[in-house]
Number of protein chains: 2
Amino acid sequence: MQAAPIRELINRLPSSQIRDVSEIGLGMPGLIPLWFGESDEPTPDFIKQAAIDSLGRNETFYVSNNGVPPLREEIVRYMRRIYDIPMEVDRITVTASGMHAIILTMQALVDPGDNVVVVGPVWPNLRETVHIMGGEARDLYLTEEHGRWQLDVQALCDLCDDRTKAIFVNSPGNPTGWMMKAEEQKEILEFCRKRGIWILCDDVYARIVYDRHHAPSFIEIAEPDDLVIAINSFSKSWSMTGWRLGWITAPAALEEILAKLNEFNIAAPTTFVQHAGVVALRDGDPYVEDLVQRLHRRRDLVCQRLSSFRRVRLAVPDAAFYAFVAVEGVENSYDFAVEILKKTKVGLAPGSAFGPSGEGYLRLCFASSDDSLRTALDRMEPILDAG
Amino acid sequence: MQAAPIRELINRLPSSQIRDVSEIGLGMPGLIPLWFGESDEPTPDFIKQAAIDSLGRNETFYVSNNGVPPLREEIVRYMRRIYDIPMEVDRITVTASGMHAIILTMQALVDPGDNVVVVGPVWPNLRETVHIMGGEARDLYLTEEHGRWQLDVQALCDLCDDRTKAIFVNSPGNPTGWMMKAEEQKEILEFCRKRGIWILCDDVYARIVYDRHHAPSFIEIAEPDDLVIAINSFSKSWSMTGWRLGWITAPAALEEILAKLNEFNIAAPTTFVQHAGVVALRDGDPYVEDLVQRLHRRRDLVCQRLSSFRRVRLAVPDAAFYAFVAVEGVENSYDFAVEILKKTKVGLAPGSAFGPSGEGYLRLCFASSDDSLRTALDRMEPILDAG
């Protein structure tokens, strides 16, 4: 057949190494999959019921591009409650997931030749949204020192130039669980104010934290018209990965622009999914708190065992639901993840999926049952605790 | 506040004139809204029940980027049944609406400076997806002759140059109801084969036709590896506008690329919405046939009345659910739609929303109850039948 004439940039998009490993394990009996960033719990019943109720009310029609008013209003209440900040509806746009919020944002900001500076190692997809728009993703990597992930704020600022449209920060971070300090946020905000650079803060793990109520967000320290776009998602805190619902908090000046981008991308997220989102935010705090308690216990369980293994080095995560571990002697984390999969039927994500600085690491998602986690650790012990 | 540094291309995106008119009518008591492209019927119960059943099975997790296997397989069966052609699952990608299928396609094909040739007057959003990617939309307008919309195939081909990546055809067309002939499709396919140009055929009204079973599609005459991308949607034929579900049929060579683009845009459409889509296709033929019968009656009702009005000229549509009427003496269709709205509380879409060749026209969506349509026509008669 003739070669399909596709954009060279698109032909070059890498496939996800996490998906690649997981496909090797597809249908493997006895598999314990800890590779994806999702809890093994289905969505709680009260949220599913809210979707069913919405269908019963025939909420099956087109709705406003920025989202249905009850959800935008509930998000405003949520943001005020969690962050104790002023917030109005004109700053909120509902999106079909955090991922979708990111691609809309890149469509708004990135012309070919522009760049976005990214704090890594990080979830790889965000970098590809920059590439799709013809931009460059520039990486500033955290360093692991004395069991903590550290950010060099000056080095981050030094990476910015005249074509830098945004700094992207995912804190709490996937895969590291690193959490940015409020003082670091203030420094970066000051720098970006001077330079007219956007801050894109991916706050999807804001509630999955183990030593406080929520992670510090740029949205707490920014003025309403600062160049800050905060990205949020229902996926992690409310166990709604398959629902595809998220939101953007932006300066009110972007309300119309984001409405148009939603219109020209998906019109709006699924109507009755939005109405279920209202109930998730309104009634979901007890669920989120219970989930975080379970995850806290699992973090401790997993990190204690992993730390005891001779080949493993680990910075205990302050937040999110991943253990990101360096394994002695591993030069190719993809091959090693495949080896672990084949020998133990435990599915892990290779660190190289998160950029070159992730090489030598493996990511384990501990949002699974205690039993699954114990069995997985037992199975991996002979490999990871080898002398 | 400081000006938000947004891409100039994005700042220039027009707002939808249809949305603009509809906002004037928001909350108007007694309003009959015929401006949007959707039926006033809620989604049928058997499809809503399928979503509820899927939620009951806890289908709330992430799924494969190309769509859940049962839906891809059901789409294959549907395409074979409707078009009587060979079809395999590797050609199908599920998307979060027809709109979403179009933006993914433009991401795959359009570099800055490329162009897409578009048959108009046409639904305006598709043109904006080209602009978002930095491309140019070139319009070839149908002409209305002797009560029929006519395409000049040679003129269409003449608009293509070395930077033309695709020809976009929406047939049956919104707003005209024009249906492309199979012979015209063959000519265009031959031309595009020679030139290596993609054909993007927007087939979302393929089933809403009044003189045959389905509208002719490029997909029927193309070889599996021809450069043809067919776009489809659950919105119109199954009354699922608020669900956001559609699909792409493409050469198998694009399977991996479309998976990546879904991954980097939305991961995949809502999981239990996809499972409801299986049931819509499997059990939905009687619903679609009944819907088309109702629409057929309404087309005749609306077109007979409109044709009798002295100021109105109308090509009776072969397909889709719009009457696209020229009104004598109207130079600004937006102002006239506002006038009609204010004087009669009937909501119509201004023709200028569909490109310059739509100026002087109004679009009326007749997917409403007979009573609503009769009342709307009664109210408009004094204006449209003025001597």
Determine, yes or no, whether A:V21 is touching a Ser or Thr at 6+ places or on another chain (Cβ under 7 Å) and surrounded by 20 or more Cβ atoms within 10 Å (Cβ to Cβ). no
Could you tell me which residue of the range A:338-387 is surrounded by the fewest Cβ atoms within 10 Å (Cβ to Cβ), considering only residues that are among the polar types (S, T, N, Q) and under 27 Å from A:S239 (Cβ atoms)? A:S369
Name the single residue, out of those in the range A:230-256 being in contact with a Pro (Cβ under 8 Å, 6 or more places away or on another chain) and within 19 Å of A:R80 (Cβ to Cβ), that is nearest to the other protein chains (Cβ to nearest Cβ). A:P251
Among residues belonging to the range B:25-57 that are more than 10 Å from chain A (Cβ to nearest Cβ), outside any loop (DSSP other than H, G, I, E, B) and not acidic (D, E), point out the one that is surrounded by the most Cβ atoms within 10 Å (Cβ to Cβ). B:I32
I'd like the full set of residues that are within 14 Å of B:D318 (Cα to Cα) and either β-branched (V, I, T) or not in a helix (DSSP H, G or I) (or both), limited to the range B:277-302. B:V292, B:V302
Taking the condition of being under 23 Å from B:S237 (Cα atoms), at pLDDT 95 or above and not in a strand (DSSP E or B), how many residues in the range B:316-329 meet it? 4
Filter the range A:145-164 for residues that are at pLDDT below 95 and assigned to a loop (DSSP other than H, G, I, E, B); which is surrounded by the most Cβ atoms within 10 Å (Cβ to Cβ)? A:G147
So A:D139 fits all but one of (1) surrounded by fewer than 24 Cβ atoms within 10 Å (Cβ to Cβ); (2) touching a Ser or Thr at 6+ places or on another chain (Cβ under 9 Å); (3) within 14 Å of chain B (Cβ to nearest Cβ); what number is the exception? (3)
If only one of B:M179, B:M79, B:M87 is in a loop (DSSP other than H, G, I, E, B), away from every other protein chain (no Cβ under 13 Å) and within 20 Å of B:A253 (Cβ to Cβ), which one is it? B:M87
Suppose we keep only residues that are under 21 Å from A:P175 (Cα atoms) and in contact with a helix residue (DSSP H, G or I) (Cβ under 6 Å, 6 or more places away or on another chain) within the range A:8-24. Which one would you say is nearest to the other protein chains (Cβ to nearest Cβ)? A:L13
Could you tell me which of the residues A:V116, A:V68, A:V94, A:V76 is surrounded by fewer than 20 Cβ atoms within 10 Å (Cβ to Cβ) and touching a strand residue (DSSP E or B) at 6+ places or on another chain (Cβ under 8 Å)? A:V76
Failed criterion for B:P112 (all others in (1) facing chain A (nearest Cβ under 9 Å); (2) at pLDDT below 95 hold): (2)
B:A259 being closer than 17 Å to B:A96 by Cβ, assigned to a helix (DSSP H, G or I) and more than 10 Å from chain A (Cβ to nearest Cβ): no
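The values are calculated or read from the model by the stated rules, or taken from the named source; none is laboratory data. Only a predicted model underlies this, so the values are computations on that prediction, with no experimental measurement involved. Here Cβ is always computed from backbone atoms with ideal geometry, including for glycine, and neighbour counts include all displayed protein chains.
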